[in-house]
Amino acid sequence: MENRLSQWSVFRATLAILQWWAFNVTVIVMNKWIFQKLDFKFPLSVSCVHFICSAVGAYLVIKVMKLKPLIVVEPEDRWRRIFPMSFVFCINIVLGNVSLRYIPVSFMQTIKSFTPATTVVLQWLVWRKHFDWRIWTSLMPIVGGILLTSVTELSFNIYGFCAALFGCLATSTKTILAESLLHGFNFDSINTVYYMAPFATMIMAVPALVLEGTGVMDWFNNHSAVGSSLIIIFSSGLLAFCLNFSIFYVIHSTTAVTFNVAGNLKVAVAVLVSWSIFRNPISSMNAVGCGVTLVGCTFYGYVRQKLSQQSSATPRSPRTPRNQLELLPLVNDKADDKV
């Protein structure tokens, strides 16, 4: 009996990871396809479509199909706690889409692996939190891999690079705000989208209309296959919403270490799939840099897990203040892939 339960747990975890990879890689590749092949070079508008699809999808799941119970949040808390995080959430998604417009998926995904370093530095500089020396050491291969990848990237673009790099800062800020602003609500993935997506749509609609409205209208008038292109664009929004289900499922089906390693392998899968579709040139040293970054992320997750076990096993005392072993969210935080 125990053997069957163990086999089912392994099968469930494997299935969760595979469907998470499938949704995540598909959304990333579809966004790149929209910008490059459909010539729809409007990242704000694409993000707005994703937010609208997510808002409608979350409403249907909670209010119509009643698959998840609604977590009630007072209006004051919505504006005070959820709105600021929604704003950063918008910046994070938009920067990701802007980077996809200018640089290959492989380069963008590698830069996103820089998020652990930006999170540590941000908490150290702004919140004055202290971290174990092993955390700082584990970040070295990540930084070194990113530098090597950037220097040897054949399709380097300064706009795409800066957008992806600032996206890491936005992801780190979003993660920290999620911990502090939503503490006590015990949100799940769908309820988070239910409250955040309408705010995000409201925040994104005005700049998308002002900055890209004319370009979108020109695209409608000049593009040869508007109908099929719109199907692809809105399908990416639908898949982006489905991605939230997969993230929620994988978090509850795997351990922290498994989730961390699977997230790094997901980056490798995204790089390989995008290269097979778009055939962007990748030098040997660039591939080495990407590999070093992924190994560094895995090492970071391992160190973080070990320190977490050590912290939980060792009772706190006046000599070991709580923030001395302050740890971070996973490299691939469950909110990082939400769109």
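Read-outs throughout are calculated quantities, based only on the coordinates presented, and are distinct from any laboratory measurement. Computed from a predicted structure; not experimentally measured. Neighbour counts run over all protein chains shown; Cβ positions are idealised from the backbone, glycine included.
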Fully extended, how many nm does the chain gain between residue 302 and residue 70 (0.36 nm per residue separation, minus their Cα-Cα distance)?
80.0 nm
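Pairs to check: 66/129; 68/266; 37/66; 68/306. Give those whose C-alpha atoms are more than 29 Å from each other in this structure. Before the final figure, lay out each step's value.
Working: 66/129 41 Å; 68/266 27 Å; 37/66 38 Å; 68/306 34 Å.
Table pairs above 29 Å Cα-Cα are 66/129; 37/66; 68/306.
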Size of electric dipole in the range 19-325: Cβ of Lys, Arg +1 and of Asp, Glu -1, about Cα centre, debye, nearest 20
740 debye
Tell me, what does the Kirkwood hydrodynamic radius of the range 19-325 come to in angstroms if you use every pair of distinct C-alpha atoms?
20.6 Å
Hey, with R₀ at 35 Å, roughly what FRET efficiency would residue 79 and residue 220 work out to, going by the Cβ-Cβ distance, to 0.05?
0.50
